[in-house]
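Here the structure is laid out as structure tokens; the discussion comes afterwards.
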Amino acid sequence: MAQSRHPSRLARFLLFSLLLFVVLYGVAGFLVLPWWLERNLPEQLAERMGWQAEVEGVSVNPFILAVEAEGLSAQDGDGEPVLRFDRLMVDLNALQLVRGIIGFEAIRLEEPFVRLDLLESDGLNLMRDWQAHNPDSGQAAQSDPTSAPPRFYFGQIDVQGGELLLRDFRAEQPAEFRVTPLDLNLNDLATWSRDEDASDYSLQAAIGDESIEWQGQLSIAPLYSRGTISVTGVGFETLEHFLSPYLPYDLRAGQVSLSSEYELQAGDFLLLATRNGSLTFDGLALAVDEDSEAAQLNSGTLAVEQIEFDLGARELVLGPVTLEGLELSVARNESGVIDWLAPLSADSAETPAEDRDAGSARPLRWSVAGIELTGGRLRWQDRQPEQAADLALEQLSLSVGELSHYLEEPVNYRLQATLASGGQLALDGQLTPLPFTLEAAVSGSEVALAAFEPYLKEVANLNLVAGTLALDGNLDLDSQTTPLTGTFSGTAELAGLGLRLPGMSDRLVAWQTLRLAPIEYNVHPARLEIGTVTLTQPQVNVVRNADGVHNLARVVPSTSAGGAADAQPADADDGTDPGFIFRIEQLLLEQGALAYTDRTTEPVFTTTFDRLSGTVTGISNIQPQQGQVNISGRVGEVASVKFSGTLGALGTDDNSQLKLELNDLSLPELAPYFGRYIGYSVDSGKLDLDMDYEIAGTRLDAQNLVVMDRLQLGPKVSSDQAIDVPVALGLALLRDRDGVIEVELPISGDLSDPEFSVSRLVMRAFGNLLVKAASSPFSMMGSIADLAGLSTEELGQVSFKPGSTQLADGEADKLAALADGLLDRPDLLLSVRGGVAPEADGLALLRQELTAGGTRALPDAEWQQARQAYLNGERSLSPEALNNLASARGVTVRRVLQETHEVPAKQLFLLDPSRAAEVNERGEVTVQFNLNVR
């Protein structure tokens, strides 16, 4: 009976003990543990982190190993919220605990809040607080490096409605980012290696309008993950903040979206690969720097599809790249620095060479399926020229074929654009990046040239009023050898060009069309060959200003002393550079016109050359060269002009033989020059010119045949440059019986001399001829004297036998020649001054008296006695004897000219006889003539 009761008591004891354990376990789990956690958790946070924390309540279910905490909030030492959640539920897996694994069946966190601060020291606020209150934690963690880390298992981690406040104090201006809502779901995660599949996870988060979606599979040991990630609408503020240390520009607007599949593995080697990726930039705006008033780059919409990347293989593959509405502004400052390159140059200079070369041993392999740009706009602002340039390409479209790291492979491209200033451009071809080669079919139409005026003003002081450019050809460039080589072949046309000097209203140069076809240009050595240049209706307006400087002289900008020398290349004399070579097969000139105005004269001289047409062939600067010139036109709307001859190589000492023929120019047009150099205006007359020019280098030697028909002077003009001689007499001497003046006027000079002027030299030569005529009038009858076998000096006098009106031997020929000259020059007046030589003529008259006129002989002794008495004044003639002889000689000359040679009486005048005539070497008495003009 006793034995039977013992087992019963034992069973009851065991049952009671079990019940008591369960009760105590329950009391401890349901009551004591929550109470302890509620008190200890804030204390631990204060001790370990320095945080002030409180928790609204903790509940524990010890039987299912579940813990639930509500209303936890913590503030750091600065009194700022650092951690908060509404509800935390943790469900332990007892079975895993038995196996030595810290297993969590489920962890659910509702409405959590975490504040992360990125500190100036590049640390986190959480690490800072932990290290400040756990100084030995680092050593403790390293006390046993051989010990294996504990194994954790998470059946499910679920975070709902989370909020992450990220504050960054590393920059000069702190920034904060609030990630909310943040939802995370993670299943079946273990910290040790397992043969079964990895866990799966999903993450969703948002920062304002920015969102992140991340899902896939995850393994901790070894670290392995694969899945998809999508980042949508990341704003420029976020990008600017995190990229500013690496981005040399100022991000102003826009957003970025990214999505991709990926695979990541870390172990013996790192594996990172992505596929099916896409990247979109929408409205991205970049400024060169913070001081820029506006963004210089607006991406429009940029999309890249089919992105693949393999870190192990170092390979990046991009699918089609599309850009729509791209706007880019590029500027060059006064120093020649391009704004976009300036920050890069600074970064490059600060980066050590070894860092820049890092990784060069394993180059990245890359490829792009193609690039398509539509609706783009490119603006070029250049402040380096004295006048800033502003050019814009609009409606820009660019198509680039497949390209890759195989830089030696050619890439197809096509570009089309419209210039904002007017005109279209197109390039189509292929290029090779390295070594650089370019093949392009280039075309342009109606390109307005006015926008390029700043670049023209760099080399010429001209304003581009109007004009358009059209071109069509092929461009080839090649940099496989140094220097760059290449060619352009095609055609070009400049239409409606208008150029004028600054501050002037009239155009200096204009034409209807200038066509060049074909063109062959070689980059190096520099060579330009043009088949035919057709210039239609060119107009040139040349003005010589009151200061004597031509307006053409203002075209070339003035340079400082030595500027020309400074412009020469350093190796200009080493003989390696052949210089620029050009050839033009022929120039066709159609209906050209040139207006010339000389404001140095009073009144102002103006004339026009128009209807200029003709050809110039064989133009070149390479010897030997023999070009031909044949141009004709009109001067002053009446006269005809023809320019012909041969051309040597330009810029060399080759001889050029040129001939200018001008007919029927109205002389009154030249009245200003006659007034300046001759002292008279011109009332009427015509001019013919026949000029032969020989040019060698800059040396000019010219023969000018000048023919003036019916020249009649006008009123006298006051001029300090005019000759001071009897101009009318000179003209009368030059004029023939038909009223024509024909003279040869040779001139010479240096064309490089700024003072050189053909017209001035011709007028001065003509003035000198008039001076010679007026001062030595009989010298103008040189041709007549030559025909008579006389000298020009002999025409100015005639000799008589002493004591007689009989002409000396041969003197009749002089009068005949003189008569011809007077008949050819009807405006000339001849004044004859009869004369006697008292001694020679007196002795002759005395002898005649003693011999009774030669009827009786006179002994020599008697003659010598009478002669000596006459010379001593002891004997004299009748008072009228010498006077009558002097007058008779004048009458004799007049009678011979008038009656024998039919010189009109109105041209002949007798002057008061001279009593002191000269006696020549033959003992003959000379009578002098004077020429005058009516």
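So the values come out like this:
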{"read-out": "Alpha-carbon centroid distance for the pair region 511-530 / region 584-611, whole angstrom", "value": "26"}
{"read-out": "Under the Karplus curve 6.51 cos²θ - 1.76 cosθ + 1.60, θ = phi - 60°, whole-Hz ³J(HN,Hα) for region 212-228, x wherever Gly or Pro sits", "value": "10, 10, 9, 8, x, 10, 9, 10, 8, 10, x, 5, 8, 8, 8, x, 10"}
{"read-out": "Using a Förster distance of 25 Å, the FRET efficiency for Leu243-Ile338 (Cβ separation, nearest 0.05)", "value": "0.70"}
{"read-out": "Positive-end residue of Leu24, Leu41, Gly675, charge dipole of the chain with Cβ unit charges", "value": "Gly675"}
{"read-out": "Gln625 long-range amide H proximity, modeled H, under 5 Å", "value": "Ala649"}
{"read-out": "Unit charges on C-beta of K, R, D, E only; dipole of the chain, Debye", "value": "3140"}
{"read-out": "Region 582-713, Cα convex hull volume normalised per residue, Å³", "value": "112"}
{"read-out": "Over the chain: helical MRE at 222 nm, DSSP H runs n ≥ 4 each giving -39500 (n - 2.57), nearest 500", "value": "-6000 deg cm²/dmol"}
{"read-out": "Relative contact order (%) - region 783-933, alpha-carbon pairs under 8 angstrom, separation at least six", "value": "41"}
{"read-out": "The chain: relative contact order in percent, alpha carbon pairs under 8 Å with at least 6 residues between", "value": "4"}
{"read-out": "Virtual paramagnetic centre 7 Å along Cα→Cβ of Glu54, amide N under 20 Å, in region 84-100", "value": "84-88"}
{"read-out": "Dipole magnitude of region 783-933, debye to nearest 20 (Cβ charges: Lys/Arg +1, Asp/Glu -1, about Cα centre)", "value": "440"}
{"read-out": "Amide proton proximity set for Gly423, modelled H, under 5 Å, gap of 5+", "value": "Ala448"}
{"read-out": "Estimated distance in nm for a label pair at Thr851 and Asp750, the labels positioned 7 Å out from Cα along Cα-to-Cβ", "value": "7.0"}
{"read-out": "Residue (of Gln586, Gln864, Asn125) at the positive-pole extreme of the chain, dipole from beta-carbon charges", "value": "Gln864"}
{"read-out": "Which of Trp214, Trp511 has the fewest Cβ neighbours within 10 Å, and the rest in rising order", "value": "Trp214, Trp511"}
{"read-out": "Amide H within-cut-off set for Ala917, under 5 Å, with H built and near neighbours excluded", "value": "Val836, Ala837"}
{"read-out": "Inter-centroid distance (Cα atoms) of region 427-458 relative to region 33-52, Å", "value": "75"}
{"read-out": "C-alpha long axis of helix 2-27 to longest principal axis of the chain, angle in °", "value": "30"}
{"read-out": "FRET efficiency estimate (nearest 0.05) - Cβ-Cβ, Glu47 to Leu15, R0 41 angstrom", "value": "0.45"}
{"read-out": "Residue order, fewest to most surrounding Cβ atoms within 10 angstrom, among Met504, Met691", "value": "Met504, Met691"}
{"read-out": "Hull volume in cubic angstrom per residue (convex hull over the Cα atoms of region 783-933)", "value": "118"}
{"read-out": "In order through region 384-395: 3J(HN,Hα) via Karplus (6.51 cos²θ - 1.76 cosθ + 1.60), integer Hz, x for Gly, Pro", "value": "6, x, 4, 9, 4, 9, 9, 10, 9, 9, 10, 6"}
{"read-out": "Under Karplus coefficients 6.51, -1.76 and 1.60, residue-wise ³J(HN,Hα) of region 236-242 in Hz, glycine/proline x", "value": "5, 4, 5, 4, 4, 5, 7"}
{"read-out": "Overall dimensions of the chain as given by Cα atoms, namely Rg and Dmax in Å", "value": "56.6, 234"}
{"read-out": "Electrostatic dipole magnitude of region 153-300 [Cβ: Lys, Arg +1; Asp, Glu -1; Cα centre; debye, to 20]", "value": "240"}
{"read-out": "Span from the region 467-484 Cα centroid across to the region 630-686 one, whole angstrom", "value": "42"}
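Where a number appears in this text, it was derived from the coordinates with a stated rule and is not lab data. Everything quoted here is computed from the prediction, not taken from an experiment. Heads up, the Cβs are rebuilt from the backbone with ideal geometry, glycines too, and the neighbour counts pull from every protein chain shown.
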